[in-house]
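The values are calculated or read from the model by the stated rules, or taken from the named source; none is laboratory data. Because the structure is a prediction, the values reported are computed rather than measured. Note that we place each Cβ from the backbone using ideal geometry, even for glycine, and neighbour counts take in every protein chain shown.
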Amino acid sequence: MRILDLSLTGFRNYESFQCAFDPGVNLIVGENAQGKTNLLEAVCYLSRGAAFRTRKEAELIRFGADYAELSATVESYGREQSLRTVMFAGRRPRQLFLSGVKKSSREELDGVLNTVLFCPEDLMVLKKGAAERRKLLDDALCQLRPRYAQALEEYRRLLAQKSAALRDRFERPAMLELIPEYNERMAQTGAILITTRARYLRELEKRAAVHHEAFSGGKEQLRLVYQTVSTVTDPAAPAAEVYERLKEHQSSHYRAELESQQCLSGPHKDDFEAALNGLPMKAFASQGQTRTAAISLKLAERDLFEADTGELPVLLLDDVLSELDPGRQDFVLNHIQSGQVFITCCEQEKVTRIGKTIRIEGGRILPQEPTPSGARADKS
Ligand code: ATP
Ligand code: MG
């Protein structure tokens, strides 16, 4: 899956922009506030029908402009198709087109251009709280497995109902009678969540470890281990077995749940531990190691997406180079050989030897610096 070219009119700080892209790495270089992230946002909008920094379309339209138009030629599953979106200032709804044909809903464009985005906030996913890591697994699995998305929705609903019953147990004691029913459904759906997440994490680990090892010059072994309630000793076991262990956990924690008036049993607090060379990353990893592992996880997520859909999503890496040493920067710039990648960075001297370097200033492309044999002459 790749973007052949992109045109923007009146989008963010771009008055008018056209660019053809490399099928491999596209390095977008420029000083702060020149429009590098805006460019990734445009690609993301065409891919998902939503920008990643705002939900308000009005903010995407260039100040003072009446409309914004984004269009791209995309190659996926051996076909060339064009994606076009026009959004308007005021109340007029946006228009979406696929190869010139107007589409009434965003869903009709699903799968034409898949993207995996990595932005600076994602860099600390392995250092932050468990909710961030659960979200990483849940977001990927909801896209890949509709049954998982259903189970997650049902589990969240049951959790809210059981939590309300426990919280209000003195005011509304009759609610407690519903808890066995909630527990039964929570054990069933919880078992689906745990086994699906644990098996996905196992696949993610296999691929992320390979990326991380290459990234760190062979120095670091990345391991990912799923963590759930104590009675579930093998979270990747068959769901029926995990269900039994969850029921056990519920029974042994019921008294504590009544006392604390909180739901203490189930996968809603689950997490995964990342370790480098046997040391838990949360406590011991450096900034650069944390960034490296987070990028390796994204690369692995992209590989798994390919295994499922048959096409590698376009990878969008916003501002990931800072705090990486030259060897690790070189990995990002010159060693992600599979699929199309967009990388933004501020360091003026950076180039990619395996793709195209695009220099941006004030929402315009700067002319390519003349080299003896064109854009790829950066090879040294
Ligand atoms: P950095 O290196 O700091 O991340 P960047 O090159 O990624 O910078 P962008 O986030 O792409 O910069 O934003 C560039 C500029 O776009 C900002 O100065 C912002 O004010 C401007 N901008 C954002 N939205 C609009 C809009 N609707 N109309 C005009 N300009 C806008
Ligand atoms: Mg930026």
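What to note about this one:
- Single match in E41, E31 (criterion: surrounded by fewer than 17 Cβ atoms within 10 Å (Cβ to Cβ), within 8 Å of ligand 1 (Cβ to nearest atom), modelled with pLDDT of 95 or more and charged (D, E, K, R)): E31
- Any hit, segment 161-179, residues being aromatic (F, W, Y) and in contact (Cβ under 8 Å) with a residue 24 or more places away in the chain: no
- Where R2 falls short, out of the listed (1) more than 14 Å from ligand 2 (Cβ to nearest atom); (2) at pLDDT below 95: (2)
- Top-ranked residue of segment 247-286 - restricted to ones that are within 17 Å of I194 (Cα to Cα) and free of Cβ contacts under 8 Å to residues at least 24 places away in the same chain, ranked as surrounded by the most Cβ atoms within 10 Å (Cβ to Cβ): H249
- Per the listing G78, G100, G111, the residue uniquely surrounded by fewer than 15 Cβ atoms within 10 Å (Cβ to Cβ), under 20 Å from F305 (Cα atoms) and at pLDDT 90 or above is G78.
- In segment 85-96, the qualifying residues are those that are assigned to a strand (DSSP E or B) and surrounded by fewer than 20 Cβ atoms within 10 Å (Cβ to Cβ), and the one that is farthest from ligand 2 (Cβ to nearest atom) is Q95.
- Search result, residues across segment 30-61 that are β-branched (V, I, T) and either within 23 Å of D5 (Cα to Cα) or within 13 Å of ligand 2 (Cβ to nearest atom) (or both): T37, V43, I61
- Selection within segment 45-66: residues that are outside any loop (DSSP other than H, G, I, E, B) and within 12 Å of ligand 1 (Cβ to nearest atom). The member of this set that is nearest to Q143 (Cα to Cα) is E57.
- Residue match in segment 334-345 (condition: in contact with a strand residue (DSSP E or B) (Cβ under 8 Å, 6 or more places away or on another chain), of a type outside the set (D, E, K, R), assigned to a helix (DSSP H, G or I) and surrounded by fewer than 15 Cβ atoms within 10 Å (Cβ to Cβ)): no
- Taken over segment 333-348, the residue count meeting the criterion of being within 16 Å of ligand 1 (Cβ to nearest atom) and over 12 Å from N26 (Cβ atoms) is 3.
- Residue match in segment 328-336 (condition: at pLDDT 90 or above and at positive phi): no
- Qualifying residues in segment 97-151 (those that are among the aromatic types (F, W, Y) and in contact with a Ser or Thr (Cβ under 8 Å, 6 or more places away or on another chain)) - the one farthest from V43 (Cα to Cα): Y148
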